[in-house]
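K.L.:
First the structure, then my questions, so here it is.
The values are calculated or read from the model by the stated rules, or taken from the named source; none is laboratory data. Bear in mind that the values here come from a model prediction, so they are computed numbers and not experimental data. Glycine gets a Cβ as well: all are built from the backbone with ideal geometry, and neighbour counts include every protein chain shown. Surface accessibility is based on the protein's heavy atoms, side chains included, excluding ligands, DNA and RNA. Shrake-Rupley method; radii C 1.70, N 1.55, O 1.52, S 1.80 Å.
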Amino acid sequence: MKTDVSEALFERAVKVMPGGVNSPVRAFGAVGGSPRFIKKAKGQYIYDEDGNRYIDYIGSWGPMILGHCDSRVHEAVIRQAENGLSYGAATALEVEMAELICEIVPCVEMIRMVNSGTEAVMSAIRAARGFTGRDKVIKFEGCYHGHADAMLVKAGSGVMTSGVPDSSGVPEGCAKDTLTAVYNDAGSVRALFCKNPDSIACVIVEPVAANMGVVVPEEGFLSELRQLCDEYGALLIFDEVITGFRLALGGAAEYFGVTPDLVTYGKIIGGGMPVGAYGGRRDIMSVVSPVGKVYQAGTLSGNPIAMRAGITQLRILREDRGIYGRIGALGERLRSGLKKAVEAAGLPYRVTGIGSLSCLYFTDAEVCDYESAKSSDTGRFAAYFRHMLDHGSYIGPSQFEALFVSAAHTDEDIDKTVKDAEEYFGA
């Protein structure tokens, strides 16, 4: 596979950008080689500057649930762009988007648009603190909630890949009110509440932990979090930047039947364009300015292009609920195929996932939390990654990222990827 152009671009990039990338999750440091520089994407495929085509299992890290450049979304964006790119003023599109999300997700009574998942989480936590009058926040080891200072404590995603448990540049005071619990261990959460019964504002959790691979919540775990928050007067925040509108139309809240007080969303509500949002109960959201005293602002929030793209995608998902069954079946086909491949090779590796989210761990441990996820052999993953990339499957360059399938993928795509994995494992 020819990579001359990507390699030349990377040589230029490292001179002008830290690590040659604009996000650590794009770096190939953990897997070796130079990152591919992508030129275009269509359907289930992405194409690099050298002309190589890959079956894409990143999907812009989740939002491309319909596949890349879906014609309906693409045409809607082009039409909207004719009216201008940004106004910095209120638009009808923002109202449409807010009404649509509130209609789809029953636990969201009011919502505020922002520009990224990080900003959504940061703002939701501030609202929770303002509403409760408390300071402390419980998060879970290995769950990633963006790069706001207080959340870079035992975070997942790129932080795990780089081997940095926290982050330099975060003052101690910014993280002193962040308490960490063990994912899938409600007892660890209760212990923190017992030590801090009147000072915890909220518990924030990825309902499906999709930034340390894919760790599925054990039965009853999310319900226990709901009960603990009610018992101690704290708010429950679902970070649905990954699961929102992907796991089900109503997200993890619908899928698991557990109602959070606040929920955060990312780029899936912009059809893949830079956007985020946080919303929830009306009484909580009413503390946000200009109505309440919790200040949060963004001059580009509710960008009209992103709103039009997101509205179009969400309406398609609402009108065709069968999409979830189809991508779920594709996800199960991928997981089943990978399981058979490693079992046939006599390897003890673990395949996890739910719906259209999957992960292959190079470990013999049952993966249920941060510590068990970290037991995966990242060196073996790196070799596997390079094989799959060379054979045309583009997966995240980290053991601790999810594989995403979209409505554009086919059984044949999945079968090719599985066949290439079988070849690698010698199955």
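K.L.:
Sorted by packing (mean other beta-carbon atoms within 10 Å per residue), highest first, where do 275-281, 123-129 land?
P.N.:
Details: 275-281: 27.1, 123-129: 25.1.
The packing order, highest mean first, is 275-281, 123-129.
K.L.:
Taking the Cα centre of the stretch 1-101 as the origin, how large is its charge dipole in debye, to the nearest 20, when only Lys and Arg (+1) and Asp and Glu (-1) carry charge on their Cβ atoms? Intermediate results must be reported in sequence, preceding the final value.
P.N.:
Working: 11 positive and 13 negative charges, 70 e Å.
Dipole magnitude for the stretch 1-101 comes out near 340 debye.
K.L.:
Relative contact order for the stretch 1-141: what percent, with Cα pairs under 8 Å and sequence separation of 6 or more?
P.N.:
RCO, the stretch 1-141: 12 percent.
K.L.:
Pull up the DSSP beta bridges for the chain and report the antiparallel fraction as a percent, rounded to 5. Could you put the intermediate results ahead of the total?
P.N.:
On the way: 25 of 42 bridges.
So the antiparallel bridges amount to about 60 percent of the total.
K.L.:
Moving to a separate point now. What number comes out for accessible area per residue over the chain if the probe is 1.4 Å? Units Å², please.
P.N.:
Details: 17460 Å² over 427 residues.
Each residue of the chain exposes 41 Å² on average to a 1.4 Å probe.
K.L.:
Also, quick follow-up: From the Cα trace of the stretch 255-329, what convex hull volume per residue do you get, rounded to a whole Å³?
P.N.:
Values: hull volume 8.6 nm³, N = 75.
Convex hull volume per residue, Cα atoms: 115 Å³.
K.L.:
Another question about this same structure. Expressed as a whole number of Å, what is the distance separating the alpha-carbon centroids of the stretch 382-411 and the stretch 174-241?
P.N.:
Between the Cα centre of the stretch 174-241 and that of the stretch 382-411, the gap is 30 Å.
K.L.:
Can you pull the semi-axes for the stretch 188-285, root of five times each eigenvalue of the Cα gyration tensor, sorted largest first, whole Å?
P.N.:
Values: eigenvalues 113, 49, 27 Å².
Its equivalent ellipsoid spans semi-axes of 24, 16, 12 Å.
K.L.:
Calculate the radius of gyration of the Cα atoms of the chain to one decimal place, then report Dmax, the largest Cα-Cα distance, as a whole number, both in Å.
P.N.:
21.0, 62
K.L.:
Using Cα centres only, tell me the gap between the stretch 46-65 and the stretch 319-370 in whole Å.
P.N.:
20 Å
K.L.:
Right, something else. Given GLY328, LEU338, PRO290, which one lies farthest toward the positive end of the charge dipole of the chain, if we put +1 on the Cβ of every Lys and Arg and -1 on the Cβ of every Asp and Glu?
P.N.:
Result: PRO290, furthest along the dipole toward the positive end.
K.L.:
Please report, in debye to the nearest 20, how large the charge dipole of the chain is about its Cα centre when each Lys and Arg carries +1 at its beta carbon and each Asp and Glu carries -1 there.
P.N.:
Numbers: 42 positive and 53 negative charges, 140 e Å.
Using only the charged Cβ atoms, the result is roughly 680 debye.
K.L.:
Now for a separate question. Summing -39500 (n - 2.57) over the DSSP H runs of n ≥ 4 in the chain and dividing by its residue number, what mean residue ellipticity at 222 nm do you reach, to the nearest 500 deg cm²/dmol?
P.N.:
On the way: 15 runs with 166 residues, N = 427.
The helix contribution divided over the chain gives -12000 deg cm²/dmol.
K.L.:
Leaving out ligands, DNA and RNA, and with a 1.4 Å probe, what % of the accessible surface on the stretch 162-281 is carbon or sulfur? Walk me through the numbers before you get to the answer.
P.N.:
Details: 2010 of 4030 Å².
Ligands and nucleic acids excluded, carbon and sulfur give 50 percent.
K.L.:
Counting GluC sites (Glu not before Pro) as exposed when in a DSSP loop with at most 13 other beta carbons within 10 Å, what is the longest stretch of the chain free of them? Please list the in-between numbers first.
P.N.:
Working: sites that count: GLU82, GLU219, GLU366.
Segment 220-365 is the longest.
K.L.:
With a cut-off of 8 Å between alpha carbons and a minimum separation of six or more residues, what is the relative contact order of the chain in percent? Write out the running numbers ahead of the final one.
P.N.:
Details: 868 pairs, mean separation 95.2, N = 427.
Reported relative contact order: 22 percent.
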